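First the structure, in the form of structure tokens, and then the observations on it.
The values are calculated or read from the model by the stated rules, or taken from the named source; none is laboratory data. Being a predicted model, the structure only gives us computed values, none of them experimental. Don't worry about glycine lacking a Cβ; one is built from the backbone with ideal geometry, like all the others, and counts go over all protein chains shown. The accessibility values were calculated without ligands, DNA or RNA, using every heavy atom of the protein model including side chains. Shrake-Rupley method; radii C 1.70, N 1.55, O 1.52, S 1.80 Å.
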Amino acid sequence: MRLIAAIAATMVLTSSPAAAEPEESDREIPLAHIEYTTGLTVSFSDSQPSNEVGMSQLGIIGRAPLIAWERSNSYLQTYLEITPPDVPVPQRLVDDHGTDLPAELQRRRITGEPVTVRGLTAPAGAVLSASCTAEHWGWHLWHDNAQAGLAPKSYTTLDFGGFKERRAESFIFNCLPVGSPSHLWAQHRLYYWNGTSWWKHADEKVGPGLQAEEVKGKVKRHRKVTYDDGWGSSPNCLGGACKYTREGRFTS
């Protein structure tokens with residue numbers, strides 16, 4: 001009976017998303033919005049009811065490379081590394097980190113209000129550059145090179161051993177030049193399985209000439225990342241110039 005129940009649960013988990021994307025979504029609560037002089041923006045957010053924190057980056061290709069953060073870091077550790085001491089720290093990031101707090105936190109002001117800061121210099125020696133088909137991370141579970149007519153696709157933890165994972169991490173590189181029509185976006189959406197359905201964690205459209213990274217989660221859950229684009233995957237869009245690269249992984 002246990003085996004039959006396990007098989008049935010797996011069938012629900014794999015088949016339900018294919019039938020239709022759920023309407024349910026987490027409520028995203030802004031924690032911090034950071035803008036650098038390169039044009040890069042980094043944001044931290046809380047999600048409810050999943051009670052998970054996330055981080056996103058958006059940069060202009062060729063001008064604002066993304067910050068390379070250590071996968072083993074907590075969101076708090078990353079925040080402390082990419083902001084100067086005079087920038088307040090969101091209380092939610094402190095709570096999410098746990099009891100073994102970094103010593104640097106003693107020099108920082110902690111706030112319960114959303115933090116917005118602009119005009120920062122990007123951390124030296126901690127950036128990633130990329131070309132249209134370059135690999136973003138040192139290792140990944142999927143990497144789909146830019147090509148005309150790239151079909152929409154979803155990746156779930158069930159595709160890679162079926163283990164629950166703490167984080168979903170996704171990267172998009174929209175190869176179209178800046179100034180292309182704004183509807184020619186590439187999109188990634190991050191989901192988690194709440195026991196009965198997929199709930200959306202994050203939903204981002206990445207415009208022409210931009211590269212973006214979305215990271216979400218802390219608790220071990222089944223997770224999913226879905227990709228599509230604004231040109232309907234047509235291989236004839238702008239004579240075949242409409243392309244984007246997508247990459248991602250689930251991490252413990």
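Pick out the one residue from V215, V219 that is open to solvent by 20 Å² or more (accessible area, probe 1.4 Å) and in contact with an Asp or Glu (Cβ under 7 Å, 6 or more places away or on another chain).
Just one listed residue meets the conditions, V219.
Could you tell me whether region 141-154 includes any residue that is outside any strand (DSSP E or B) and farther than 17 Å from Y227 by Cα?
Scanning region 141-154, I find no residue that is outside any strand (DSSP E or B) and farther than 17 Å from Y227 by Cα, so the answer is no.
Among the residues of region 81-106, how many are of a type outside the set (A, V, I, L, M, F, W, C), more than 16 Å from A32 (Cβ to Cβ) and surrounded by fewer than 11 Cβ atoms within 10 Å (Cβ to Cβ)?
Summing the residues that are of a type outside the set (A, V, I, L, M, F, W, C), more than 16 Å from A32 (Cβ to Cβ) and surrounded by fewer than 11 Cβ atoms within 10 Å (Cβ to Cβ) in region 81-106 gives 4.
Would you mind listing the strands (runs of 3 or more DSSP E) fully within region 162-243 where at least 2 residues are in contact with a Leu (Cβ under 8 Å, 6 or more places away or on another chain) and under 16 Å from Q57 (Cβ atoms)?
167-174, 198-206, 210-216
Taking region 137-159, which residues are within 16 Å of the chain's Cα centre (by Cα), of a type in the set (A, V, I, L, M, F, W, C) and open to solvent by less than 70 Å² (accessible area, probe 1.4 Å)?
Scanning region 137-159 gives W137, L141, W142.
Looking only at region 155-186, which residues are polar (S, T, N, Q) and closer than 22 Å to I29 by Cβ?
S170, the sole residue that qualifies.
Residues are listed down the side, and each one gets a yes or a no for (1) of a type in the set (G, A, S); (2) assigned to a helix (DSSP H, G or I):
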residue	(1), (2)
G39	yes, no
V53	no, no
D86	no, no
Q106	no, yes
A122	yes, no
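Could you please let me know if W185 is without any contact (Cβ under 8 Å) to a residue 60 or more places away in the chain, touching a Lys or Arg at 6+ places or on another chain (Cβ under 6 Å), surrounded by 20 or more Cβ atoms within 10 Å (Cβ to Cβ) and on the phi < 0 side of the Ramachandran plot?
In short, yes.
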